[in-house]
């Protein structure tokens with residue numbers, strides 16, 4: 001179980017301190033599939049990075065399975081069982097897809113299993129295993145490899161930051177299948193930051209984060225209709241006025 | 001053959017015991033073993049140190065080993081090795097040099113290798129340099145490589161210096177005739193107070209010739225590296241050089257490329273990137289459970305692979 005208690009993140013801006021997250025309280029229960037959505041700049045990615053240990057909070061505490069992990073670094077949290085798929089995956093000269101998936105799995109893995117992970121994310125495995133994760137991969141390819149990596153980790157909490165970004169519509173159905181399989185096979189919690197209706201549609205719970213605060217949190221059936229019910233964007237006051 | 005020579009041979013050419021095929025093993029300036037084959041003749045030079053390696057036209061798939069080892073301090077070794085590669089031969093040449101010092105005096109190996117490739121010949125040239133030993137004496141390796149490739153020939157050079165070499169000046173010159181290709185991949189890691197200087201100069205003289213110089217290096221500690229490359233395009237040709245370096249601690253890397261197009265159809269490119277390891281690369285590997293130090297080591301291992 002993941003618990004965020006009174007989490008705030010401030011950054012120095014031109015006009016003094018600016019709050020990216022403001023007193024956020026959130027609990028993700030074991031085995032839940034939670035989608036965090038909301039407007040750009042609302043603090044979603046920052047929230048994910050706070051959980052992974054990449055961004056330290058200015059205030060507040062983070063508990064993972066009852067343990068206070070606020071003071072722990074990225075590595076320690078990863079070892080405790082937190083995975084994080086980046087919105088913009090990182091490229092490495094000389095490190096291959098096989099290297100990275102094996103690093104993620106924490107051990108050498110059989111080629112068949114490696115191919116399985118890549119197939120699951122819609123990549124023809126044989127073409128990719130020995131490819132370097134460098135600039136020669138397209139945005140969509142590297143994004144899928146990023147997802148394959150966290151799948152190989154099989155941790156108790158997996159966070160995806162906009163997994164759909166850069167993935168073409170053709171492959172998107174595949175991605176939905178991947179998430180559904182993950183929730184069946186891995187008895188852990190999944191947190192996905194997404195704007196995609198199809199992803200929202202398979203959530204147990206939906207969290208709306210806007211302006212650094214949680215404006216709604218509840219079961220999908222309760223929250224989703226409020227997000228889709230209006231043609232106008234509910235997050236954009238200017239449109240409302242128009 | 002001394003134990004240290006055997007250890008060095010393993011490090012520089014993955015050799016354990018005498019190799020199959022043609023070889024010449026040099027130990028502290030003298031010959032520690034030599035063998036020719038039907039296709040490849042190795043003969044000592046007259047009047048100066050070194051050997052001539054004659055590879056007959058059409059030789060296919062043979063290896064030539066010519067490692068050189070310096071086993072103790074206070075050795076100043078100079079050697080001239082000339083390779084004559086016959087038409088349409090296709091061979092692999094494994095050179096490499098290991099220097100061991102146990103005392104205060106420096107030791108050095110200066111290997112001057114010249115390659116003359118006849119029409120259609122193909123050579124893969126593998127060269128690894130390493131320094132070992134507890135001595136404070138400097139381990140110095142200065143390789144010079146001169147390459148002339150006739151029409152349609154090609155040479156691929158893989159040159160690696162991983163550790164322990166205190167000072168190196170690596171000079172490579174190439175002269176390419178029509179339709180010939182030269183590919184050089186260089187990998188260097190320096191640490192402590194080491195210095196490494198690379199100096200490439202290639203003349204593209206024949207239409208359709210092409211050169212690709214790719215250098216990847218890591219400079220740690222207070223080490224200092226200089227990468228110089230000059231490519232002259234004298235005809236319709238392609239030239240590309242690339243210097244990609246990671247600096248750590250107080251390491252310093254200079255890249256000084258020079259391209260000269262003496263012909264309107266010469267297409268020449270240089271790329272250089274020098275910087276520390278990107279923070280996001282370390283962060284990514286840490287999210288997979290590696291410590292910061294493990295992440296750095298992994299990134300460098302991949303970069304120099």
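Numbers below:
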{"read-out": "All strands (runs of 3 or more DSSP E) inside segment B:1-109 with 1 or more residues being farther than 19 Å from residue B:162 by Cβ", "value": "B:22-27, B:30-35, B:40-44, B:50-55, B:60-65, B:76-85, B:90-94"}
{"read-out": "Lone qualifier among A:207, A:150 - being within 23 Å of residue A:7 (Cβ to Cβ), within 14 Å of chain B (Cβ to nearest Cβ) and surrounded by 19 or more Cβ atoms within 10 Å (Cβ to Cβ)", "value": "A:150"}
{"read-out": "Qualifying residue in segment B:274-294 (condition: away from chain A (no Cβ under 12 Å), buried (at least 17 other Cβ atoms within 10 Å of the Cβ) and part of a loop (DSSP other than H, G, I, E, B))", "value": "no"}
{"read-out": "Residue B:241 being more than 26 Å from residue B:262 (Cα to Cα) and modelled with pLDDT of 95 or more", "value": "no"}
{"read-out": "Hits in segment B:264-273 (condition: in contact (Cβ under 8 Å) with a residue 12 or more places away in the chain and either assigned to a loop (DSSP other than H, G, I, E, B) or more than 10 Å from chain A (Cβ to nearest Cβ) (or both))", "value": "B:265, B:266, B:267, B:268, B:269, B:270, B:271, B:272"}
{"read-out": "Count of segment B:207-232 residues which are surrounded by 22 or more Cβ atoms within 10 Å (Cβ to Cβ) and outside any strand (DSSP E or B)", "value": "2"}
{"read-out": "Cβ-Cβ under 7 Å pairs, at least 6 apart or on other chains, segment B:32-54 side over 19 Å from residue B:112 (Cα atoms), far side assigned to a loop (DSSP other than H, G, I, E, B) and modelled with pLDDT of 95 or more", "value": "B:39/B:56; B:39/B:59; B:40/B:59"}
{"read-out": "Matching entry among A:87, A:113 (being touching a residue at least 40 places away in the same chain (Cβ under 8 Å) and either more than 19 Å from the chain's Cα centre (by Cα) or part of a loop (DSSP other than H, G, I, E, B) (or both))", "value": "A:87"}
{"read-out": "Candidate set: segment A:32-65, residues that are surrounded by fewer than 17 Cβ atoms within 10 Å (Cβ to Cβ), touching a residue at least 60 places away in the same chain (Cβ under 8 Å) and in contact with a strand residue (DSSP E or B) (Cβ under 6 Å, 6 or more places away or on another chain); chosen: the one farthest from residue A:223 (Cα to Cα)", "value": "A:63"}
{"read-out": "Residue list for segment A:95-108, restricted to those being surrounded by fewer than 17 Cβ atoms within 10 Å (Cβ to Cβ) and either touching a helix residue (DSSP H, G or I) at 6+ places or on another chain (Cβ under 8 Å) or facing chain B (nearest Cβ under 10 Å) (or both)", "value": "A:106, A:108"}
{"read-out": "Counted residues, segment A:77-88 - those being within 9 Å of chain B (Cβ to nearest Cβ) and surrounded by fewer than 22 Cβ atoms within 10 Å (Cβ to Cβ)", "value": "2"}
{"read-out": "Among residues of segment B:110-134, those that are over 17 Å from residue B:27 (Cβ atoms) and in a loop (DSSP other than H, G, I, E, B), counted", "value": "5"}
{"read-out": "Subset of segment A:126-144 that is more than 14 Å from chain B (Cβ to nearest Cβ) and buried (at least 18 other Cβ atoms within 10 Å of the Cβ) - its residue that is farthest from residue B:185 (Cα to Cα)", "value": "A:144"}
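The values are calculated or read from the model by the stated rules, or taken from the named source; none is laboratory data. Owing to the predicted nature of the structure, the values given are computational and were not obtained by experimental measurement. No Cβ is skipped: glycine too gets one built from the backbone with ideal geometry, and neighbour counts run over all protein chains shown.
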